[in-house]
Amino acid sequence: RILIIGAAGQLGSELTQAIANIYGGDNVIATDINPKALEKFENCRTAVLDVMDKDALKDLVKDQNVKQIYHLAAVLSATGEKNPLFAWNLNMESLLFVLELAKEEKLDKIYWPSSIAVFGPNTPKVNTPQYCVKEPNTVYGISKQAGERWCEYYFQKYGVDVRSLRYPGLIGYKSLPGGGTTDYAVDIYHKAIAGEHFVSFLQEDSYLPMMYMPDAIKATLDLMHAPKEQVKIRSSYNLSAMSFSPKEIFESIKVHYPEFSISYKPDFRQEIADSWPDSIDDSCARKDWGWQHDYSLEKMTADILKHLPSYSF
Ligand code: VAH
């Protein structure tokens, strides 16, 4: 079976559905710490799980014959800055335990998301390469960088087949974001269809790498389904689709909602966004396992504005 930790999160909500559609609901166990959040999963197994409860996790893996784990639970960048040691502890302890469990129980595959947050203020900002200076200055970024080192270590030392992607900001209409610096790019659509004014917590020209959720799901499954020998990078792959600023996403929405209005009120998240790249070079992912994105900003906006108004959470 496939175990998904943090299944009710922004990425997990959609990735769990996609995995259940492929492997059959009986072979997928969606877990989250919040029992209420699990109610939305109708066509797969569910279980309440606190990822910090190592015994419960080990029992679940053994009792349910789990062979793959998608470990998606983490404290994201903005929330992490409010509670640094809690974020470090949860993000790192949980990953180390999943890697150790994979080694002990000889699990087939592990998936663990990294992020563009591994890059820092002195990383090349434009077309950021796969290999470069990475001095992240958020707890979330530090935990993702350390996590990448551990993933590569467990692959090289113990043969654990762990795979990872450095996601850009992810945008989808089927789930709400969970405390990231790119959350504005999801919230803006909700304000547009509600006919309300939007206040951006990032300044208008704050460029960030971004990706529509269907592309993120496709990349994750393409990577996880790739033959082992094609997965040449065992820290985490750079991954990219587009880059845009709050002004540009606003303009793409205004085409559909001419009355929509925006103002800019940068907060503490501006400093985090400023430490991240403007754009990413993901040529390694395209070369090693054939990554191709589908969605541009205009195509994403049209798709979200088509579905969000009638989507019930
Ligand atoms: C965050 N959404 O903002 C996440 C992501 C690149 C950003 O890692 O923390």
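Observations
- The set of residues in the range 204-254 that are charged (D, E, K, R) and under 30 Å from LYS157 (Cα atoms) comprises LYS218, ASP222, LYS228, GLU229, LYS232, ARG234.
- Being open to solvent by 20 Å² or more (accessible area, probe 1.4 Å), within 30 Å of ASP282 (Cβ to Cβ) and either at pLDDT below 95 or more than 16 Å from the ligand (Cβ to nearest atom) (or both) is a description that does not apply to ASP50.
- Scanning the range 31-47 for residues that are over 10 Å from GLY6 (Cα atoms) and open to solvent by 90 Å² or more (accessible area, probe 1.4 Å) turns up LYS36, GLU39, LYS40, GLU42.
- Restricting the range 69-85 to residues that are open to solvent by 20 Å² or more (accessible area, probe 1.4 Å) and not in a helix (DSSP H, G or I), the residue that is farthest from GLY9 (Cα to Cα): ASN83
- Of the residues making up the range 136-154, those that are open to solvent by 30 Å² or more (accessible area, probe 1.4 Å) and under 22 Å from SER283 (Cα atoms) are GLN145, ARG149, GLU152.
- Residue that is surrounded by the most Cβ atoms within 10 Å (Cβ to Cβ), among those in the range 278-313 that are within 25 Å of THR128 (Cα to Cα) and among the aliphatic types (A, V, I, L, M): MET300
- Each residue in the range 58-68 was checked for being assigned to a helix (DSSP H, G or I) and out of contact with any helix residue (DSSP H, G or I) (no Cβ under 7 Å at 6 or more places or on another chain), and 4 of them qualify.
- Residue in the range 103-112 that is within 11 Å of the ligand (Cβ to nearest atom) and without any contact (Cβ under 8 Å) to a residue 60 or more places away in the chain present: no
- Residue that is farthest from the chain's Cα centre (by Cα), among those in the range 14-29 that are under 19 Å from PRO214 (Cα atoms) and crowded, with 24+ Cβ neighbours inside 10 Å: ILE19
- The set of residues in the range 264-277 being crowded, with 17+ Cβ neighbours inside 10 Å and charged (D, E, K, R) consists of ARG269 alone.
- Taking the conditions (1) in contact with a helix residue (DSSP H, G or I) (Cβ under 9 Å, 6 or more places away or on another chain); (2) more than 16 Å from the ligand (Cβ to nearest atom); (3) in a helix (DSSP H, G or I) in turn, GLN156 satisfies each one other than (1).
- Restricting the first member to the range 117-141 and to residues that are in contact (Cβ under 8 Å) with a residue 60 or more places away in the chain, and the second to residues that are small (Gly, Ala, Ser) and in a loop (DSSP other than H, G, I, E, B), the beta-carbon pairs closer than 6 Å and six or more apart or on different chains are GLY120/SER275; PRO121/SER275; VAL126/SER279; ASN127/SER279; PRO136/GLY120; ASN137/GLY120; ASN137/SER275.
- When residues of the range 93-102 are limited to those that are open to solvent by 10 Å² or more (accessible area, probe 1.4 Å) and not acidic (Asp, Glu), the one farthest from the ligand (Cβ to nearest atom): PHE97
- Scanning the range 116-135 for residues that are outside any helix (DSSP H, G or I), β-branched (Val, Ile, Thr) and touching a Lys or Arg at 6+ places or on another chain (Cβ under 8 Å) turns up just one, THR123.
The values are calculated or read from the model by the stated rules, or taken from the named source; none is laboratory data. Bear in mind the structure is a predicted one, so any value in this text is a computation, not a measurement. For neighbour counting, all protein chains shown are included, and Cβ atoms are generated from backbone atoms with ideal geometry for every residue, glycine included. Heavy atoms of the whole protein, side chains included, go into the accessibility calculation; ligands, DNA and RNA do not. Shrake-Rupley method; radii C 1.70, N 1.55, O 1.52, S 1.80 Å.
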